[in-house]
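Notes follow once the structure below has been shown.
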Amino acid sequence: MPDSDKKLYSAREYQGIQQIVGPLLFIENIHDVGYNELVEIRDTRGNERLGVILETSEGAAVVQVFEGTTGLALDQTRVRFRGEPLQLPVNREMLGRVFDGLGRPIDGGPAPVAQERRNVNGSPINPTARTYPTKFIQTGISAIDGMNTLVRGQKLPVFSGSGLPHNRVTAQIVRQAKIVGEEVNFAVVFAAMGVKHDVARFFIDNFEETGVLENVVLFLSLADSPSVERLMTPRTALTMAEYLAFEEDMHVLVILTDMTNYCEALREISTLRGEIPSRKSYPGYLYSDLASLYERAGMVEGSEGSITQVPILTMPNDDISHPIPDLTGYITEGQIVLERDLFQKGIYPPIAGLPSLSRLMKDGIGPGMTREDHAHIASQLFAAYAKVKDVRALASVIGEEELTPLDNTYLEFGNMFEKEFLSQKEDEERSIEDTLDIGWKVISHLPKEELYRISEEELIKYYGK
Amino acid sequence: MYEVIGQVSRVLGPVIHAKGITKAQMLELVEVGEDRLIGEIVRLQGNEITVQVYEDTTGLAPGAKVYGSGMPLSVELGPGLLSSIYDGVQRPLEVIKAQSGQYIHRGVRIPSIDRQKKWSFTPVARAGDRIEPGQVLGTVQETEQVIHKIMAPPNISGEIKTMITEGEYTVETTIAVIKAASGENEISMIQRWPVRQGRPIQERLPSDIPLITGQRVIDTLFPVAKGGAVAVPGGFGTGKTMVEHQVAKWSDADVVVYIGCGERGNEITDVLQEFPKLTDPRSGRPLMERTILIANTSNMPVAAREASIYTGITMAEYYRDQGFHVAIMADSSSRWAEALRELSGRMEEMPAEEGFPAYLPTRLAEFYERAGMVKTLSGETGSVTIVGAVSPPGGDFSEPVTQHTKRFVRAFWALDRDLANARHYPAISWLDSYSEYVQDITPWWTENVDSEWPELRREILDLLQREERLQQVVKLVGADVLPDSQRLILDVCDLFKNAFLQQSAFDQIDTYATVQRQVKMLKIIVTYYRLGAEAIQQGATLMKLRRLRVLSELSKMKFSIANDEADKLDTLQQRLEREMRRLGEIYAGF
């Protein structure tokens, strides 16, 4: 249908719907409407709600209502089809403002004047137009900088469990993240999906304390908002981020929390529609759907800005093989895993040594970026800590007394590594040099012969210093 | 060419239904709506069809027209494919970028092969020649390394009526007219071939030459033959993509087709930035010149992801038919299977295991069976080797895609989570992996590299097996209780893992090892075991062995001795033997 016809039809209002199932409306006897387009629904009191078309056939459509269907009646509800997908007005003045999941202001301020309206679903970035991320971001946290380096334009999620301090760790990253020796215009886009008010409050207070609040755009769809709205929240947030990064040349850090709630909402809708379920009843397209969010990170040619994504998700039952963390790990460029054992030992940040990974680390470290010994010392720390885990397992069977002297040295190294390298204060910002020096300090507890991943020159220069 | 064949009646994401169909055939290429979105007919029922659409269907409404093309989904084949980068349905991404910027918008139509570029064509056949299908008509220097053979299409035979002279032509110029029984055919440098149909060959040949990858754990322990098929399964973060990249970079194939199927955009960018800088160790030319990239990243339309695998293998077969050895990297076949599942679900088909359609194993078999060493229609030898990555959910190899893939491949490089966690890369497990090609390619190794190869290989695998059993004892009671002769096995295996199996992709020297260097390194390690076992039998202690000065050089030989200095490994071997003998002599007297 030509756009002019769509505009004409968009003025048409229908009264009455055939069926309501959860957040879904089934409407018949309408004109032919386009897939994925926006729908306005007016209840008996005249309040407007928004929805989107999930399925369309001749004269009928299935609509998903973002605000839920509570209070809608079959015969008195009025429906209008906008003839265009959900769009977000974007401009620079939106920095410092608070919006709901669909991009409507909830801070009492006026609706933003649109310089431009953008389809929240975005378009895939042409892979040949991407710039490969290589700029090291110093977070001041040794476990990240030293072993799982974050680079600008990366998508690096935090895998956590309920009760673990993922919010504190993320807030620390936001406070401390910087490129050494560079002043830039940066922004934070914060999307909350189904988290509680106090979590949102915690982040807002944090932004306020550090004086960055005027550089933050918040999209809040909290635990008491209808679950369907959560499906749009990350999309509106990322649309905002893309505008700031690629039009306004800003370096944008996007925090998405909590992705688990997003996936639950997706499952809810999928089940209601009677789709064929895949693992744990999540829809078969969960991977593609998550990819359409996570892949909206990076840098593109012809633009100075960047989008760095830090999605947070809580692993149900701390299970990393659960579909949500599993599929996320297949799409993102690594993961920061928080570990309950470390947390219970009183170690902050409890970033697990082994399962954490940064895939883009190799290109962001080394001479000129961090230090020439970085790759080797990090690799050696991983190898040695893996050995510590083996020795601990052995010690729990035969007892520490029966271990060889070398194994005992490894145990001591393991404790030093956790207490001195991993552990740091919440307001402690370590430079990359400090991080690497601490790494050398703890690894020097092991005899030289054990350090097979480090070159002779590096041993001479750093070992035991 | 396109005509209206019906109109849309229902839109379900990437799957649409259309009715009032006048004429249509299964798997026909169609275009849908005003934006002319490309799709493929996947079901026919009375005068209704189901179409899977390769582009985003937002805004598509019932009533939109469906245009039929009368032919199946096909790719264009001809000079200019090499060093190109395409999406899943062979649209050139670099050209799209030049036309429409950073994002890929819908309805873009650009020819896959550049129509303006002129190629210098040299005829081989002459007017009056009798031409059989697949016969070479002429050649084009496509890149420094690759002489592209222009062949008669596989369905055309007859007598050449006219033949163009040597000169510079575009791909669409008629270079020959062939008179066949059915009439005259004008042949250009470009041909089209349906992607879901394998290109014909004369016969299959045995696969008895290894594909040398320069990766020690692969070439020495779990080799793959040219024309073979191998699966690389591994959970996230275990290094599948790194293995695929390394094989794409260093294998001795003439042409590499790299399919990024439903994976990360930045990984494709990485390849795009790295390959032009790297040089092929054999020819000294940039690696990009022998590579075709297909990038259908995870956020690009799911139906095109399903097609990307076929697009890639059809191009691979085309170069095979010219007598080249082609290696194809499919990263990852699981994403392809998931695309299949997603589309199957949208078509409301009855699901089998874990929601995958019941025809999953059939499709996998069809794909892997397109690998092989063959005699081409023109009588040359060419091969297609498939290296397919598999991404099992939760790293659990018992899931359907891994299990079914295992039935159709003869080599299996299992990536291990624990190895990856200890940053032991490539994390190919020496206990779970296997290769059925070893028997077939052993003659090649003994003739071309070293006659001792099979024996050395068997010995080290045996040691690894024994180590695994010993480790179970060690886990219970510690290593101290074992006799020195058994602890030596632990030491040797540790050395073998660190100094041989582990290979750094980022180290200039270590990233690629020639077969000569591999076999010499292997021999040094096995020698250390043989002589060490002897010395211990004569009364030496393990501590003495561990103090040998040569040992630290052994553990760093992979970094310190480059490919062209292989004779230094001989010197190292002699030093090792000397020091060991001296140790033996001390105890011989007692």
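The values are calculated or read from the model by the stated rules, or taken from the named source; none is laboratory data. On a predicted model such as this, the values are computed, not experimentally measured, just so you know. FYI the Cβ positions are ideal-geometry reconstructions off the backbone, even for glycines, and counts take in every protein chain you see.
Close contacts from the stretch A:109-123, counting a first residue that is outside any loop (DSSP other than H, G, I, E, B) and a second that is surrounded by 16 or more Cβ atoms within 10 Å (Cβ to Cβ) and of a type in the set (Val, Ile, Thr), with Cβ to Cβ under 8 Å and a gap of 6+ residues or different chains, come to A:116/A:90; A:117/A:90; A:118/A:90; A:118/A:239; A:119/A:239; A:119/B:58. Within the stretch A:280-298, the set of residues being facing chain B (nearest Cβ under 7 Å), small (Gly, Ala, Ser), touching a residue at least 60 places away in the same chain (Cβ under 8 Å) and surrounded by 24 or more Cβ atoms within 10 Å (Cβ to Cβ) comprises just one member, A:298. The sole residue among B:89, B:95, B:32 that is in contact with a Leu (Cβ under 8 Å, 6 or more places away or on another chain) and within 30 Å of residue B:148 (Cβ to Cβ) is B:89. Evaluate the stretch A:267-279: report whether one residue or more is in a helix (DSSP H, G or I), touching a Phe, Trp or Tyr at 6+ places or on another chain (Cβ under 9 Å) and either buried (at least 20 other Cβ atoms within 10 Å of the Cβ) or basic (Lys, Arg) (or both). Checked the stretch A:267-279: at least one residue is in a helix (DSSP H, G or I), touching a Phe, Trp or Tyr at 6+ places or on another chain (Cβ under 9 Å) and either buried (at least 20 other Cβ atoms within 10 Å of the Cβ) or basic (Lys, Arg) (or both). Residues in the stretch B:472-493 that are more than 14 Å from residue A:407 (Cβ to Cβ) and either touching a residue at least 24 places away in the same chain (Cβ under 8 Å) or facing chain A (nearest Cβ under 10 Å) (or both): B:476, B:484, B:485, B:488, B:489, B:491, B:492, B:493. Of all residues being among the hydrophobic types (A, V, I, L, M, F, W, C) and either within 10 Å of chain A (Cβ to nearest Cβ) or surrounded by fewer than 16 Cβ atoms within 10 Å (Cβ to Cβ) (or both) in the stretch B:551-561, which is farthest from residue B:216 (Cα to Cα)? Just the residue, please. Among those that are among the hydrophobic types (A, V, I, L, M, F, W, C) and either within 10 Å of chain A (Cβ to nearest Cβ) or surrounded by fewer than 16 Cβ atoms within 10 Å (Cβ to Cβ) (or both), it is B:551.
Of all the listed residues (A:137, A:125, A:144), the sole one being within 14 Å of chain B (Cβ to nearest Cβ) and buried (at least 24 other Cβ atoms within 10 Å of the Cβ) is A:125. Restricting attention to the stretch A:299-330 and to residues that are under 19 Å from residue A:239 (Cβ atoms) and not in a loop (DSSP other than H, G, I, E, B), the residue that is nearest to the other protein chains (Cβ to nearest Cβ) turns out to be A:300. Listed by position, the strands (runs of 3 or more DSSP E) contained in the stretch B:4-46 that have at least 3 residues being under 29 Å from residue A:270 (Cβ atoms) and in contact with an Asp or Glu (Cβ under 8 Å, 6 or more places away or on another chain) are B:15-19, B:37-45.
Is it fair to say residue B:243 is in a helix (DSSP H, G or I) and not basic (Lys, Arg)? Yes. Looking across the stretch B:52-86 at every residue that is part of a strand (DSSP E or B) and within 25 Å of the chain's Cα centre (by Cα), the one that is nearest to the other protein chains (Cβ to nearest Cβ) is identified as B:85. Does residue B:49 satisfy being in contact with a Lys or Arg (Cβ under 9 Å, 6 or more places away or on another chain), more than 14 Å from chain A (Cβ to nearest Cβ), more than 21 Å from residue B:192 (Cβ to Cβ) and touching a residue at least 24 places away in the same chain (Cβ under 8 Å)? Yes: the conditions hold for residue B:49. In the stretch B:90-121, the residue that is farthest from the chain's Cα centre (by Cα) out of those that are part of a loop (DSSP other than H, G, I, E, B), more than 14 Å from chain A (Cβ to nearest Cβ) and of a type outside the set (D, E, K, R) is B:116. Scanning the stretch B:394-419 for residues that are in a helix (DSSP H, G or I) and buried (at least 24 other Cβ atoms within 10 Å of the Cβ) yields B:401, B:405. One residue stands out in the stretch A:430-455 among those that are within 10 Å of residue A:142 (Cα to Cα) and part of a loop (DSSP other than H, G, I, E, B): the one that is farthest from the other protein chains (Cβ to nearest Cβ), namely A:431.
Against the condition at pLDDT below 95 and at negative phi, how does residue A:437 come out, does it pass? Here the answer is no, as residue A:437 does not meet what is asked. Listed by first and then second residue, the pairs with beta-carbon distance under 6 Å, at least 6 apart or on different chains, first residue in the stretch A:87-101 and on the phi > 0 side of the Ramachandran plot, second surrounded by fewer than 18 Cβ atoms within 10 Å (Cβ to Cβ), are A:96/A:214. Of all the numbered requirements in (1) more than 27 Å from residue B:209 (Cα to Cα); (2) within 14 Å of another protein chain (Cβ to nearest Cβ); (3) in contact with a Ser or Thr (Cβ under 7 Å, 6 or more places away or on another chain), residue B:510 misses one, and that requirement is (1). Candidates are the residues of the stretch B:462-516 that are of a type in the set (D, E, K, R) and closer than 30 Å to residue B:280 by Cα; the one that is modelled with the highest pLDDT is B:497.
Condition check: assigned to a strand (DSSP E or B) and either in contact with a strand residue (DSSP E or B) (Cβ under 8 Å, 6 or more places away or on another chain) or of a type in the set (Asp, Glu) (or both). Does residue A:64 satisfy that? Yes; evaluated as a whole, the condition is true for this residue. Pairs needed: first member in the stretch A:357-377, touching a residue at least 60 places away in the same chain (Cβ under 8 Å) and surrounded by 23 or more Cβ atoms within 10 Å (Cβ to Cβ); second member anywhere, polar (S, T, N, Q) and not in a loop (DSSP other than H, G, I, E, B); C-beta distance under 8 Å; at least 6 residues apart or different chains. These pairs meet every condition: A:357/A:335; A:360/B:266. The set of residues in the stretch A:348-379 being in a helix (DSSP H, G or I) and more than 9 Å from every other protein chain (Cβ to nearest Cβ) consists of A:361, A:364, A:374, A:376, A:377.
What's the number of the only condition in (1) charged (D, E, K, R); (2) crowded, with 20+ Cβ neighbours inside 10 Å; (3) within 14 Å of chain B (Cβ to nearest Cβ) that residue A:28 fails to meet? With (1) charged (D, E, K, R); (2) crowded, with 20+ Cβ neighbours inside 10 Å; (3) within 14 Å of chain B (Cβ to nearest Cβ) applied to residue A:28, the lone miss is (2). Taken together, the residues in the stretch A:71-81 that are surrounded by fewer than 20 Cβ atoms within 10 Å (Cβ to Cβ) and in a loop (DSSP other than H, G, I, E, B) amount to 6.
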